[in-house]
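Trainee: My questions all concern the structure below.
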Amino acid sequence: MMEETQPKISSGLEGIYIQESKICKVDGINGRLYYRGYSIETLNDNSDYEEVCYLLLYGRLPKKDEFEKFKSDLRNERTVSTEVMYLARSLSKKMHPTDVLKTAVSALASEDEELADNSPEANARKAVRLISKIATLAAAIERARNGKEPVAPDPSLSHTDNFMYMLTGSKPSSGQSKLINTMFILHAEHSSNASTFTTLVAGSTLADIYSSVTAGMAALKGPLHGGADEAALKMMMNIGDPGNTEQYIEDALAGKQKIMGFGHRVYKTYDPRARILRSYLEELRNDKDPETRRLIEIAIRAEKLMIDKLGNSKGIWPNVDFFSGPLYVWAGIPPELFTSIFAASRMVGWCAHLLEYWTNNRIFRPLEFYTGELDLKYVDIDKR
Ligand code: SDX
């Protein structure tokens, strides 16, 4: 048999381009991020999450009447069936909230009459249902974890304000409203990251949109991806006094541990989303809440140490997950909910990529270079 020559193996598909796309540009060298050609800074300063959803799904900013219709569609799809809400609430104390959310999102397929219709129009309508309902579920699951009844959505509120309202039972303050809108925009989309790629692999088999995004949610949970925000905050909690920060991180690095919230496969400089969140930290450094001040102090000390040690030398800089934690704590959001918020925000990115990929679908089927043995002889068990 011809000896196969060893091919170039791209571990973790590093450096491999899977397709052309017009959705998102991640410039890892210059630390820039664009959704459909608009920089993340421009969108954060001028837009809101509902408009960003329209932009990502349809490729351009909406005209006034288009936007009113889209917002109305989103707001009309916020309720969840009794069965799915019961499933979510019944599991809320048995699993991590991100796992409950993944299970409940999968079950949303049970209430969608267009499930089997894979036309672009039907898939766009299903995307709207998923974007709306995942936020309702994330809030209801957190309330059920704490023995509270769900809060019915308020159609007069924006998507992100309504999420906070369903979570807490009160309308958010202006500071909370601004922060949660920023969080949803910053987490909405990021090209072919692990969870979006997983979503596309599932979608490339022509599995339905609910099955595909459920696969993506499973990938998002890992601490190397969407689970890093919760892990980074738990590290800050473990550090305790800000004065312990440097020693804690030096010890972790000496033990070959990765510091959650730092490093990125594409960004080899400061993640532009982290830079925006870092500016919020500055605004809250002297906040009246001592816990907020403590966490921010730890985050700033950790940032300085990690950049000094690994920034220019190894291209390891803060990513979007590092500063999220102290800001969510300030907004009254518990660590166990962070990744669910990431999933709720990123639902639009997963759906936008599926809609784009399905216009020129091809099943993903990469290769492995086999290095095992061949043509072994079978030996009966009593002779082995
Ligand atoms: C997200 O892809 C996306 O776009 C994701 C995301 C999105 O919006 O979808 O941006 C969201 O997931 C951000 C990343 C969140 N994850 C973390 O913060 C977890 C900690 N980070 C690392 O696990 C790591 O940096 C990754 C997973 C983010 C990237 O991994 P790579 O590119 O495979 O890098 P690697 O693990 O091969 O590390 C290369 C070197 C190693 O050192 P050497 O063995 O070469 O000596 O860098 C070191 C690593 O040990 N390193 C770190 C480190 N990250 C990499 N060392 C300490 N702390 C870290 N955080």
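Trainee: Taking segment 80-90 on its own, how many of its residues are crowded, with 17+ Cβ neighbours inside 10 Å and free of Cβ contacts under 8 Å to residues at least 40 places away in the same chain?
Mentor: 1
Trainee: On the basis of being within 16 Å of the ligand (Cβ to nearest atom), part of a helix (DSSP H, G or I) and free of Cβ contacts under 8 Å to residues at least 12 places away in the same chain, does Asp229 make the cut?
Mentor: Against the criterion (within 16 Å of the ligand (Cβ to nearest atom), part of a helix (DSSP H, G or I) and free of Cβ contacts under 8 Å to residues at least 12 places away in the same chain), Asp229 does not qualify.
Trainee: Now, a different point. How do the pairs read when you match residues in segment 45-63 that are open to solvent by 20 Å² or more (accessible area, probe 1.4 Å) with residues anywhere that are basic (Lys, Arg), using Cβ under 8 Å and keeping only pairs 6 or more apart or on different chains?
Mentor: Hits for this filter: Gly59/Lys22; Gly59/Arg36; Arg60/Arg36.
Trainee: Before we move on, is Leu253 part of a helix (DSSP H, G or I) and near the ligand (Cβ under 7 Å from one of its atoms)? Before you say what the answer is, go through the steps one by one.
Mentor: Working: part of a helix (DSSP H, G or I): yes; near the ligand (Cβ under 7 Å from one of its atoms): yes.
Considered against the rule, which asks whether it is part of a helix (DSSP H, G or I) and near the ligand (Cβ under 7 Å from one of its atoms), Leu253 comes out as yes.
Trainee: Same structure, new question: Residues of segment 166-195 being more than 16 Å from the ligand (Cβ to nearest atom) and aliphatic (A, V, I, L, M), which ones?
Mentor: Met166, Leu167, Leu179, Ile180
Trainee: Now, a different point. Suppose we keep only residues that are of a type in the set (Ser, Thr, Tyr) and surrounded by 16 or more Cβ atoms within 10 Å (Cβ to Cβ) within segment 263-312. Which one would you say is nearest to the ligand (Cβ to nearest atom)?
Mentor: Taking segment 263-312 and keeping what is of a type in the set (Ser, Thr, Tyr), we get 267, 269-270, 279-280, 292.
Then drop every residue that is not surrounded by 16 or more Cβ atoms within 10 Å (Cβ to Cβ), which leaves 267, 269-270, 280, 292.
Values: Tyr267: 8, Thr269: 13, Tyr270: 13, Tyr280: 18, Thr292: 22 Å.
In this case the residue turns out to be Tyr267.
Trainee: Which ones in segment 166-177 are surrounded by fewer than 20 Cβ atoms within 10 Å (Cβ to Cβ) and either outside any helix (DSSP H, G or I) or aromatic (Phe, Trp, Tyr) (or both)?
Mentor: Gly169, Ser170, Lys171, Ser173, listed by residue number.
The values are calculated or read from the model by the stated rules, or taken from the named source; none is laboratory data. Owing to the predicted nature of the structure, the values given are computational and were not obtained by experimental measurement. Counting neighbours? That spans all protein chains shown, and the Cβs are built from the backbone with ideal geometry, glycine included. The area values use the complete protein model at the heavy-atom level, side chains included, leaving out ligands, DNA and RNA. Shrake-Rupley method; radii C 1.70, N 1.55, O 1.52, S 1.80 Å.
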